[in-house]
Amino acid sequence: MEIDTDVLVIGASPAGISAAAAAASHDVDVTLIERKEEIGSMPHPANTFFEGMFDRTSEIIHHEYVIREMSGMHIVSPAGNRIVHETPGYIIDREKFDKYHVKDLIRHNVDVITGVSAHNFIRKKNIIRTSTSDQTLASKIVIIADGISSGLSALVGLHPTKYPHDIAWAIEAEVEADGVGDPDFFEYYIGSIAPGWKATYSPCGGDRANLGVFVRRHGQDVSRFFDLWLKRFAEEKNISDVSEIRIIRKQIGGDPIATIPDEIVSDGIMVAGGAAGQSGICYGMRAGEICGMVAAKAIASSKTSRKALSEYRRLWEKEFKSEYLLGRSALEILRKLDDKEIDRLTGMFTDVNLTLVTGTGSPRSQAIRVMQFMLRKEPKTALSLLAPLIRAGVG
Ligand SMILES: Cc1cc2nc3c(=O)[nH]c(=O)nc-3n(C[C@H](O)[C@H](O)[C@H](O)COP(=O)(O)OP(=O)(O)OC[C@H]3O[C@@H](n4cnc5c(N)ncnc54)[C@H](O)[C@@H]3O)c2cc1C
């Protein structure tokens with residue numbers, strides 16, 4: 001059996017769902033296929049975001065999937081320096097979040113097919129035939145939103161990320177211990193506890209929390225970092241024995257936080273979300289929206305060439321490129337500093353309200369204000385730590 005559609009979306013990731021909804025809202029025929037039997041079942045571990053990120057999408061936050069509202073984050077250095085950033089955040093029930101968005105797809109008449117896996121593509125005369133575990137689907141455009149591990153983009157010769165070796169490999173666990181869910185700030189611990197990125201503590205209310213490690217360039221098995229993090233967490237929270245922290249569920253995965261989108265467009269094909277190095281729920285959703293909108297325009301004008309679809313890349317770069325490069329540079333600086341250097345850097349922010357330092361505005365202008373603050377406060381320390389790294393090239 002062969003199914004005809006204008007746009008085929010592969011993967012019910014945040015990017016895939018948003019791309020399908022955006023394209024369908026412009027009156028084109030959209031089919032979304034998802035490998036899992038049910039969207040939202042076996043949910044992805046990603047379940048937090050900040051309001052400032054969500055505001056980048058065209059949606060509003062719905063309380064039916066919010067578990068907990070948070071007041072912001074603490075960034076904690078190896079020696080315990082704490083940087084406080086007040087910025088509204090959310091812990092969500094990812095299953096409810098995904099199911100909420102499936103309703104949106106149905107409202108937009110997207111044909112959603114679950115339990116079907118895409119295998120390969122053949123392109124002939126502007127039609128792409130996607131073979132799946134079930135049938136062949138013929139479409140004018142394919143949007144690949146299959147996450148970091150499926151690798152469908154490689155089948156069409158695309159290298160969608162610039163630094164694929166820089167995925168942060170992660171373990172995240174739902175845990176239970178007395179009162180562990182009470183605080184209303186996320187805590188992110190940096191340094192050798194989780195090289196290249198962070199160890200996380202998300203208090204979910206009551207006795208529940210999520211603990212995770214996200215590590216770059218130390219292989220995919222990061223369990224030794226997770227074990228160290230549990231020990232440090234117990235010490236930090238005065239829990240006398242690690243065994244008092246009961247692990248309910250552990251999930252592993254990769255976060256493409258520093259991989260940077262590269263070749264994300266080909267003839268009739270666009271790549272979005274984690275597969276394209278667009279890490280994060282909200283960033284994936286926004287990239288999906290752009291992708292879906294460009295797909296609809298291309299269908300309307302019957303122009304689906306690489307050149308026509310490159311508008312997706314152009315619009316994405318306009319909104320996000322400098323922010324992504326800045327984020328990667330910050331993570332590279334973090335990866336190259338040792339614990340003592342991180343303590344010296346974070347020491348500059350002791351008793352400082354980071355929210356007042358960053359102010360509002362684009363992430364770029366906020367980062368510039370942070371640099372200016374550091375140079376004013378301790379010019380020697382700031383220059384001695386940052387200048388060699390910047391000279392050596394952190395991008
Ligand atoms: C442990 C962990 C925690 C994280 N926490 C957060 C967080 O709190 N907040 C945040 O913003 N980000 C977080 N991230 C980052 C995360 O990577 C992204 O936010 C996002 O959820 C991942 O989306 P994705 O685009 O990679 O796709 P995924 O969510 O992985 O979705 C891809 C979908 O495609 C389907 N699929 C794959 N191959 C095929 C195929 N061949 N045919 C059909 N369907 C297919 C899969 O079944 C899957 O449903 C976390 C990452 C990890 C690893």
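Of all residues in the range 298-336, those being hydroxyl-bearing (Ser, Thr, Tyr) and assigned to a helix (DSSP H, G or I) number 6.
Under the condition of being on the phi > 0 side of the Ramachandran plot and modelled with pLDDT under 95, the residues counted in the range 30-72 number 2. A count restricted to the range 131-154 and to residues that are more than 9 Å from the ligand (Cβ to nearest atom), in contact (Cβ under 8 Å) with a residue 12 or more places away in the chain and either closer than 14 Å to residue 270 by Cβ or not in a strand (DSSP E or B) (or both) stands at 8. Filtering the range 73-95 to residues that are among the small types (Gly, Ala, Ser), on the phi < 0 side of the Ramachandran plot and surrounded by fewer than 15 Cβ atoms within 10 Å (Cβ to Cβ) leaves only 79.
Residues that are without any contact (Cβ under 8 Å) to a residue 40 or more places away in the chain and either farther than 23 Å from residue 222 by Cα or within 12 Å of the ligand (Cβ to nearest atom) (or both) within the range 232-275 comprise 238, 240, listed in sequence order. Note on the range 326-347: residues that are among the polar types (S, T, N, Q) and either buried (at least 19 other Cβ atoms within 10 Å of the Cβ) or free of Cβ contacts under 8 Å to residues at least 40 places away in the same chain (or both) amount to 1. If you go through the range 155-176 one residue at a time, do you hit one that is within 15 Å of the ligand (Cβ to nearest atom), under 26 Å from residue 331 (Cα atoms), touching a helix residue (DSSP H, G or I) at 6+ places or on another chain (Cβ under 7 Å) and part of a loop (DSSP other than H, G, I, E, B)? Among the residues of the range 155-176, at least one is within 15 Å of the ligand (Cβ to nearest atom), under 26 Å from residue 331 (Cα atoms), touching a helix residue (DSSP H, G or I) at 6+ places or on another chain (Cβ under 7 Å) and part of a loop (DSSP other than H, G, I, E, B), which makes the answer yes. Looking at 111, 98, 104, just one residue is within 12 Å of the ligand (Cβ to nearest atom), buried (at least 16 other Cβ atoms within 10 Å of the Cβ) and not hydrophobic (A, V, I, L, M, F, W, C), and that residue is 98. Picking from residues in the range 8-20 that are among the aliphatic types (A, V, I, L, M) and within 19 Å of residue 304 (Cα to Cα), the one that is nearest to the ligand (Cβ to nearest atom) is 10.
Pull up the range 87-104, narrow it to residues that are in contact with a helix residue (DSSP H, G or I) (Cβ under 6 Å, 6 or more places away or on another chain) and of a type outside the set (Ser, Thr, Tyr), then point me to the one that is modelled with the lowest pLDDT. Top of the filtered list is 104.
For residue 152, the conditions (1) of a type in the set (A, V, I, L, M, F, W, C); (2) within 30 Å of residue 81 (Cα to Cα); (3) touching a helix residue (DSSP H, G or I) at 6+ places or on another chain (Cβ under 9 Å) all hold with the exception of (2).
At least 2 residues being among the basic types (Lys, Arg) and surrounded by 15 or more Cβ atoms within 10 Å (Cβ to Cβ) is the threshold, and among the strands (runs of 3 or more DSSP E) wholly inside the range 206-276 those reaching it are 208-216. Taken over the range 30-66, the criterion of being more than 10 Å from the ligand (Cβ to nearest atom) and surrounded by 18 or more Cβ atoms within 10 Å (Cβ to Cβ) is satisfied by 30, 31, 57, 65. Looking only at the range 130-174, residues that are touching a Lys or Arg at 6+ places or on another chain (Cβ under 7 Å) and surrounded by fewer than 20 Cβ atoms within 10 Å (Cβ to Cβ) come to 3 in all. Close Cβ contacts (under 7 Å, 6 or more residues apart or on different chains) running from residues in the range 56-68 that are in contact (Cβ under 8 Å) with a residue 40 or more places away in the chain to residues that are buried (at least 16 other Cβ atoms within 10 Å of the Cβ) and not in a helix (DSSP H, G or I) comprise 67/91; 67/92; 67/93; 67/204; 68/91; 68/204.
Looking at residue 360, is it β-branched (Val, Ile, Thr), under 26 Å from the mean Cα position of the chain (by Cα) and farther than 28 Å from residue 215 by Cα? Against the criterion (β-branched (Val, Ile, Thr), under 26 Å from the mean Cα position of the chain (by Cα) and farther than 28 Å from residue 215 by Cα), residue 360 qualifies. Screening residue 217 on (1) more than 13 Å from the ligand (Cβ to nearest atom); (2) within 24 Å of residue 75 (Cα to Cα); (3) in contact with a Phe, Trp or Tyr (Cβ under 9 Å, 6 or more places away or on another chain); (4) charged (D, E, K, R) shows it passes everything except condition (3).
The values are calculated or read from the model by the stated rules, or taken from the named source; none is laboratory data. The model shown is predicted, which means the values in this text are computed figures rather than measured ones. Heads up, the Cβs are rebuilt from the backbone with ideal geometry, glycines too, and the neighbour counts pull from every protein chain shown.
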